[in-house]
Amino acid sequence: MSDLISVILPVFLVIGAGYLAVKFRTFPESGVDGLMKFTQSFAIPCLLFKAIAELELGIYFTAPLLASYYLPCIAMFVLGIIGARMFFGRPWEDSVAIGFACMFANSVLLGLPIMERAYGADALDPNYALIALNAPICYGLGITVMETVKHRGQPLFATLKAVSNAMVHNALIWGLALGFIVNLSEISIPQVAGDALDLMIRAALPAAIFGMGGVLAQYKFEGDLGPVIMICGLTLLLRPAMSYGLVSGFGLDVPATRSSVLTAAMAPGINAYVFANMYGVAKRVAASAVLAATALSILSITGWLLLLP
């Protein structure tokens, strides 16, 4: 148990440092905005670009691995929408945003540092395969359903335009896309460029998780307790349990099992709030769920680390 605490606790201590720094105003909210802009628009895209450019695509992009993670995510999206609509009487637009919070795991800011500390940097390749499709699949599905709900009875072109605009303006998508181009064309990254990328990459995760704490400090946990509990239960309990069942059924190897289940066990990411804020619906639910689930994920992640090989 002490070994697990030494794996998990440093990540959450950095998140807590960012949280307290903003709460006690020793680090300005404007600084958090700049830090998150740097990490999400520059440093993390560099990390994803280099990871995908050097990834053995034939080894890690396998249907069983992708299915073991994305089938539970999509199932949580559907259950979240149904639960929000049927049990809590939320409007359809709110229900889609709540479903998105149930689907989108914090695979980068939490998933990567936890995996790296638990199993080493060499264990991250399956994670990168999952992350490569995370934004396209989750944002693509979420935006498509939301735009369909918002534009009921309107032309399909409006929905397709909204989806494509969201993808084109996402820096993570560009980092992943360029990484695939370099990988598939077998272009070698010059050493000087590679060294520059490494400098950016070393800053990505520490800065991102500190900034995440600063972002969480700007939220308040208030109201909407029922939907928040549902989101926490679906994301921290049911989603990784479903992933574990699938990896067992598919007979995946140990590295793939670890990556799929642990990534599925992560709390909803900041993107859950970004999505809700983008449409102006269920913002309080999304913010509260990110805050509560991130804190509770300490327990769920510890449990899965104990269970996994």
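Side notes on the structure shown:
- Where trypsin sites (Lys or Arg not before Pro) in DSSP loops with at most 10 other Cβ within 10 Å are excluded, longest remaining stretch of the chain: 26-151
- Pairwise alpha-carbon distances in the chain exceed 29 Å for 33% of all pairs.
- In this label model, ALA63 and LYS161 are separated by 3.7 nm, measuring between points 7 Å along each Cα→Cβ vector.
- When the residues GLU186, GLU29, GLU93, GLU147 are ordered by accessible surface, computed with a 1.4 Å probe over the protein chains alone, the sequence from largest down reads GLU186, GLU29, GLU93, GLU147.
- Inter-part distance where segment 65-90 and segment 95-156 are each reduced to a Cα centre, Å: 12 Å
- The chain - mean residue ellipticity at 222 nm from DSSP helices (-39,500 (n - 2.57) per run, n ≥ 4, rounded to 500): -25000 deg cm²/dmol
- Within the shell of other residues whose beta carbon sits under 13 angstrom from the beta carbon of LEU184, the net charge comes to -3, with Lys and Arg scored +1 and Asp and Glu -1.
- For segment 73-136, chymotrypsin sites (Phe, Trp or Tyr not before Pro) meeting the loop criterion (DSSP other than H, G, I, E, B) and having at most 16 other Cβ atoms within 10 Å: PHE87, PHE88.
The values are calculated or read from the model by the stated rules, or taken from the named source; none is laboratory data. Keep in mind it's a predicted model, so treat the numbers as computed, not measured. As a convention, Cβ positions derive from the backbone with ideal geometry for all residues, glycine included, and neighbour counts pool all protein chains shown. These area figures cover heavy atoms from the full protein model, side chains too; ligands, DNA and RNA do not enter into them. Shrake-Rupley method; radii C 1.70, N 1.55, O 1.52, S 1.80 Å.
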